[in-house]
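Reading through the structure tokens given below for one structure.
Throughout, read-outs are computed from the coordinates displayed, never taken from laboratory work. The structure displayed is predicted, hence computed values, not measured ones. Quick reminder, even Gly has a Cβ in these numbers, built from the backbone with ideal geometry, and neighbours come from all protein chains shown.
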Amino acid sequence: MTTTRFAPSPTGHIHVGNLRAALFNYMIARKAGGTFILRLDDTDRERSKEEYVDGIKRDLEWLGLTWDRVERQSLRLDRYAEVADQLRASGHLYEVFETPTELDLKRKKQLNMGKPPVYDRAGLNLTDAEKEKLRAEGREGYWRFKLDQERIEWKDGILGDISIDAASVSDPVLIRADGQVLYTFASVVDDVDMGVTDIVRGADHVTNTATQIQIIRAMGGNVPNFGHHSLLTGAKGEELSKRIGALSIRDLRESGVAPEALVSMMARLGSSQPVELKMTLEELADGFDLSHFGASPTKFDAEDLWPLTRERNQHLPFDAVKDRIAALGVPDDLAERFWKVASQNITRLDDLSAWWTIFSQGAEPQIAADDADFIAEAMKLLPPPPYSDATWGEWTAQVKEATGRKGKSLFMPLRKALTGQAHGPEMADVMPLLQVVRARG
């Protein structure tokens, strides 16, 4: 059975830089009728917080990305210790003692000699007596995985055939001196134990994947299908700034972006398919195929979310917004009419409030100096509210006859006097909603 996972660290909020991994893995699972796991990488005790766990769940639920089960790495520490013992026994895990300063000096020396800055495996040559001496000196040992120095190859779902020479990669550190297991190790143990069959993540993980494939094989596990999506850049192709790259889903939600707009963009961005609004994740999943995506950096512009948000809001049925409209104070007998009129003239749902203020309290009239006499005369012909569907047509006909004005010079000044806006809904639809007309004096 197809099994995928999204494995965020609860040390902050989900952001646009990692949303595509969550979405792609979700759609692969749903399209295949498989399992989608939310796996919390919470082994960092100091930085992981429950408030972030709650925030991650809230963000995923808002986007519609429901999970089949939740796993927490902090509850699996005994399992990681068990696998670590097995890898030590098989000779795949070895203890090292170099400090960061010593490693940095080694790297600089290798670069000066024109060699790749790869760990020299000095730890493999240490005798038990030498290790004890280092511990007595206050050194703390940590653990590296011994890579088989051969080519690691796989067919990537996005990047195609990948081949990495393990001899050009440092043996990865899997366990820190304080005993904390690192992402590379915990992730592999979980993927093997949980039967994960497909993994999609950012292209910055390609080298991680190469080393993890060897760890999976050392454990006797099955290597999943991997896909590495391109990284996001700014709208002009520039490196994505921290400000935008860390734009959280929470921030986007609070700004009024629609969840359907966000997932519709992220499900197609960087692919050969056009970005177009889909109202359900099922529609997105039906057309989803990793092979449609390319390796080139993907341009992201948050401003592109607003046309999609506008389109989504215009598609919403009245039942989806009736509670929000009632909260604005719109009378029940006007609520559905108000939504029909206002929905085509908003981007965010929060924009409804401004329209109801205009209709219920009247707008500040916008009257040009050379239209002042015309508006004064027109307002004498406008009766007080309430108005009907026929009011606009009847009134403008009277004003035309009385003043001789017609066309834009007739209608535009009247619109701006009643709504304070140069653009908006059809005035015939507006009139029955107007509770107050300030221009009448």
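Please turn the phi angles of region 267-273 into ³J(HN,Hα) values with the Karplus equation 6.51 cos²θ - 1.76 cosθ + 1.60 (θ = phi - 60°), one per residue in order, whole Hz, x for glycine and proline.
7, 10, 4, x, 10, 7, 8
Against the globular-protein guess of 2.2 N^0.38 Å, express the Cα radius of gyration of region 318-440 as a ratio, rounded to two decimals. Mind showing how you got there, number by number?
On the way: Rg = 14.7 Å, N = 123, 2.2 N^0.38 = 13.7 Å.
For region 318-440, the normalised Cα radius of gyration is 1.07.
Which of the GluC sites (Glu not before Pro) found in region 362-441 are loop residues per DSSP with 16 or fewer other Cβ atoms within 10 Å of their Cβ?
On the way: sites: Glu377, Glu394, Glu401, Glu426; in loops: Glu426.
Qualifying residues, ordered by number: Glu426.
Given a Förster distance of 51 angstrom, what is the FRET efficiency for Glu394 paired with Met279, based on the Cβ-Cβ distance and rounded to 0.05? Could you put the intermediate results ahead of the total?
Details: r = 40 Å, r/R0 = 0.78.
Efficiency at R0 = 51 Å is approximately 0.80.
Percentage of Cα-Cα pair distances in region 246-320 greater than 13 Å, rounded to whole percent? Intermediate results must be reported in sequence, preceding the final value.
Working: 1874 of 2775 pairs.
In whole percent, the share of Cα-Cα pairs in region 246-320 beyond 13 Å is 68.
Between Gly138, Gly362, Gly221, find the one with the highest GNM mean-square fluctuation for the chain; connect C-alpha pairs within less than 10 Å.
Most flexible of the set in this elastic network: Gly138.
Which three semi-axes in whole Å describe the equivalent ellipsoid of region 273-379, each the square root of 5 times a Cα gyration tensor eigenvalue, listed largest first?
Working: eigenvalues 315, 85, 20 Å².
For region 273-379, the ellipsoid semi-axes come out as 40, 21, 10 Å.
For each pair in Lys236/Lys278; Lys57/Lys278; Lys31/Lys278, compute the distance between the two Cα atoms and list the pairs where it is over 18 Å.
Working: Lys236/Lys278 26 Å; Lys57/Lys278 22 Å; Lys31/Lys278 16 Å.
Over 18 Å apart, Cα to Cα: Lys236/Lys278; Lys57/Lys278.
Please compute, for the alpha-carbon atoms of region 77-174, the extent along each of the three principal axes and give them in descending order in Å.
The Cα atoms of region 77-174 stretch 50, 41, 20 Å along the principal axes, largest first.
Quickly rank 348-356, 403-411 as a protection proxy: mean count of other C-beta atoms within 10 Å, highest first.
Values: 348-356: 17.1, 403-411: 13.1.
For the peptides 348-356, 403-411, the packing ranking is 348-356, 403-411.
Post the alpha-carbon centroid distance, region 154-232 to region 1-30, in whole angstrom.
16 Å
Given 20 °C and 1.002 mPa s, how large is the Stokes-Einstein diffusion coefficient of the chain in µm²/s, with Rh as the Kirkwood radius over Cα pairs? Numbers along the way, then the final one.
On the way: Rh = 26.5 Å.
Stokes-Einstein gives a translational diffusion coefficient of 81 µm²/s.
Mean 1/r over all different Cα pairs, inverted: what Kirkwood radius does region 118-235 give, in Å? Don't jump to the answer; show the numbers that get you there.
Working: mean 1/r = 0.0625 Å⁻¹.
Final number for the Kirkwood radius of region 118-235 is 16.0 Å.
In whole angstrom, note down how far apart the Cα centers of region 338-379 and region 381-398 are.
Here the answer is 16 Å between Cα centres.
Rg/Rh for region 100-155 to two decimals, with Rh computed the Kirkwood way over all alpha-carbon pairs.
Here Rg/Rh amounts to 1.06.
So who's got an amide H within less than 5 Å of the one on Leu174, skipping anything under 5 residues away but keeping other chains? H placed 1.01 Å off N, in plane.
Hits under the 5 Å cutoff: Trp143, Arg144, Phe145.
Helices from the chain with mean Kyte-Doolittle at least 1.0 and a Cα length along the axis of 24 Å or more, per DSSP H: which? Before the final figure, lay out the partial values.
On the way: long enough: none.
None pass (Cα extent of 24 Å or more, hydropathy at least 1.0).
Quickly estimate the mean residue ellipticity at 222 nm for the chain, helices only: each DSSP H run with n ≥ 4 gives -39500 (n - 2.57), and the total goes over all residues, rounded to 500.
Details: 19 runs with 191 residues, N = 441.
The per-residue figure over the chain is -12500 deg cm²/dmol.
In whole Å, what are the Cα extents of region 339-405 along the three principal axes, biggest one first?
Cα extents, longest axis first: 40, 28, 19 Å.
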